[in-house]
Amino acid sequence: MTGLVVSVPGRDPITNTMIGQSLAGAGVVSLYYPTRGFNPWNLDDEYLPHQGPFHYILDDYTYSPGYVVDPDCSPTPCEHWINERLPIPTRTARFYGGFTGAAVGNSSVVSDFNADGLADILIGSPLSHEGAGAAFIVIGRLPPLVISSELPLEELGLPIESGSPQTSRVFDGIRVVGSADSRLGQSQADAGDFNNDGISDVVIGSPLVSNRRGGAAVFFGSREVINLTQEEIPYDEIPARGLGIIFLGEIEEDYAGARVSGAGDVDGDGNDDILIAAPNRSIRLDIDLDGTLEIDRTECGVVYLIYGSPHLSGTLELADVGTARLPGAVFIGRHSGDHLGAGLGEQGDRANGIASAGDIDSDGYGDILIGAISASPRDRLRAGEVYLLYGVGDY
């Protein structure tokens, strides 16, 4: 059975959990398991507004997550039309921050991190641990065991019998904790099978480490990670413990890892690749070594494409991407101030400017999408651009 993950990082969990107390801004992530036969993206489904490929997400105190649709093209565009098959608390599992302002969210699905045949969930909590932040990997379980359950994320790793008194705890998971003031949990994603061991991995960005030099870690999935559920794993200890790799940003204020993403297999070598955005990176290049800068762009931003490999280990420098030490490619913003890959929007929210595009041209290579939210194409101020790049083997 597939599910739908909905993050509401600013929500007070009292609105749709049984917590019984107010925790303003703690955040809630809901996992909705639809009943059989309900496909919210079916173009022929009677519950789609105007027979279009979209739903309105209902975000209120009674049904959350859920849907509001306009079934009859009436002048009232968003009338409430709740159907018995729509997601309500009795058909969701809910995770929430255990303290005020935790901002739990930034969730995504991981194919299968511990090789048990079930999909898992990544959830970020950048204000946990007094601002150190944390990324939680929640181990998947069969839907009948978890529907209607809920869990404060800070209880992951405690013995099962230590759950909240309102409900028994049915989830286990892994906690990766940031260093002081690093606000880990702002960006994390499924990395595919980066090290080609047959098990899905995750990539976790940490843009504020080392005076905002930033970086990202690939945490390798394995059958043994279930043994790590009762301890906190410091982000910077991942390589030393043989759990994965860290990629360090180039210079301070680059914000490398502000956004991370799996890329698919772009170079066609059988290993899945990853993308790491450093939106504040400036580029100055004297390409022909004549003493004149051919490229001089301030905060144009860069996106690193790193090719997956079973031979990478330890702590590596993003400055080496594109060399024999760290095969891959580096894409740079077209103009100063483009903030390629992870710019800030008009409301101060950071764009998700990197993603896998699947195999658009059906040539067997993974393709990627890179956005520049601050770009001004054709004199359209901050209109933004998105670039589709075809995989062509080794760039």
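The values are calculated or read from the model by the stated rules, or taken from the named source; none is laboratory data. Not measured: the values here are computed from a predicted model. Cβ: placed from backbone, ideal geometry, glycine included. Neighbour counts: every protein chain shown. Each accessible area value is taken on the protein alone, full model and side chains, heavy atoms only, with ligands, DNA and RNA left out. Shrake-Rupley method; radii C 1.70, N 1.55, O 1.52, S 1.80 Å.
Okay, here's what the table says:
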read-out: One residue from Asp190, Asp197, Asp181 being of a type in the set (Asp, Glu), outside any loop (DSSP other than H, G, I, E, B) and open to solvent by 20 Å² or more (accessible area, probe 1.4 Å); value: Asp190
read-out: Residues being farther than 13 Å from Gly268 by Cβ and surrounded by 15 or more Cβ atoms within 10 Å (Cβ to Cβ) - total across region 345-368; value: 10
read-out: Residue within region 109-116 that is of a type outside the set (Phe, Trp, Tyr), open to solvent by less than 20 Å² (accessible area, probe 1.4 Å), free of Cβ contacts under 8 Å to residues at least 60 places away in the same chain and farther than 23 Å from Gln21 by Cβ present; value: no
read-out: Among (1) over 22 Å from Ser374 (Cβ atoms); (2) open to solvent by 60 Å² or more (accessible area, probe 1.4 Å) - the single one Leu285 does not satisfy; value: (1)
read-out: Any strands (runs of 3 or more DSSP E) falling wholly within region 325-395 and containing at least 1 residues that are closer than 25 Å to Asn106 by Cβ and of a type in the set (D, E, K, R); value: 367-372, 385-389
read-out: Residues of region 216-232 that turn out to be modelled with pLDDT of 95 or more and assigned to a strand (DSSP E or B), as a count; value: 4
read-out: Residue ID - farthest from Leu316 (Cα to Cα), chosen from residues in region 218-230 that are of a type outside the set (Val, Ile, Thr) and either open to solvent by 60 Å² or more (accessible area, probe 1.4 Å) or in contact with a helix residue (DSSP H, G or I) (Cβ under 6 Å, 6 or more places away or on another chain) (or both); value: Gln230
read-out: Tally of residues being under 22 Å from Ser182 (Cβ atoms) and of a type in the set (S, T, N, Q) across region 123-155; value: 2
read-out: Filter result for Tyr304 (aromatic (Phe, Trp, Tyr) and open to solvent by 30 Å² or more (accessible area, probe 1.4 Å)); value: no
read-out: Hits in region 19-37 - residues which are modelled with pLDDT under 80, farther than 18 Å from Asn106 by Cα and surrounded by 14 or more Cβ atoms within 10 Å (Cβ to Cβ); value: Ile19, Tyr33, Pro34
read-out: The lone exception for His311 - which of (1) under 22 Å from the mean Cα position of the chain (by Cα); (2) open to solvent by 50 Å² or more (accessible area, probe 1.4 Å) it fails; value: (1)
read-out: Residue, most open to solvent (accessible area, probe 1.4 Å), within region 148-158, restricted to residues that are modelled with pLDDT of 80 or more and either in a strand (DSSP E or B) or not polar (S, T, N, Q) (or both); value: Glu154
read-out: Neighbours by Cβ (under 9 Å, 6+ apart or cross-chain): first from region 321-341, surrounded by 20 or more Cβ atoms within 10 Å (Cβ to Cβ); second part of a loop (DSSP other than H, G, I, E, B) and polar (S, T, N, Q); value: Pro327/Ser309; Gly333/Ser374; Asp338/Ser374; Asp338/Ser376; His339/Asn280; His339/Ser374; Leu340/Ser374
read-out: Residues satisfying the stated conditions in region 306-324, i.e. on the phi > 0 side of the Ramachandran plot and assigned to a loop (DSSP other than H, G, I, E, B); value: Gly322
read-out: Some residue of region 251-268 being free of Cβ contacts under 8 Å to residues at least 60 places away in the same chain and either buried (at least 21 other Cβ atoms within 10 Å of the Cβ) or among the hydroxyl-bearing types (Ser, Thr, Tyr) (or both); value: yes
read-out: Unique match (being closer than 25 Å to Tyr235 by Cβ and not small (Gly, Ala, Ser)) among Thr292, Thr298, Thr315; value: Thr315
read-out: Subset of region 194-215 that is in contact with an Asp or Glu (Cβ under 6 Å, 6 or more places away or on another chain) and polar (S, T, N, Q) - its residue that is modelled with the lowest pLDDT; value: Asn211
read-out: Sole exception among (1) without any contact (Cβ under 8 Å) to a residue 40 or more places away in the chain; (2) surrounded by fewer than 18 Cβ atoms within 10 Å (Cβ to Cβ) for Glu317, by number; value: (1)
read-out: Top-ranked residue in region 336-359 [being among the aliphatic types (A, V, I, L, M) and modelled with pLDDT of 95 or more; ranked as nearest to Ile295 (Cα to Cα)]; value: Leu340
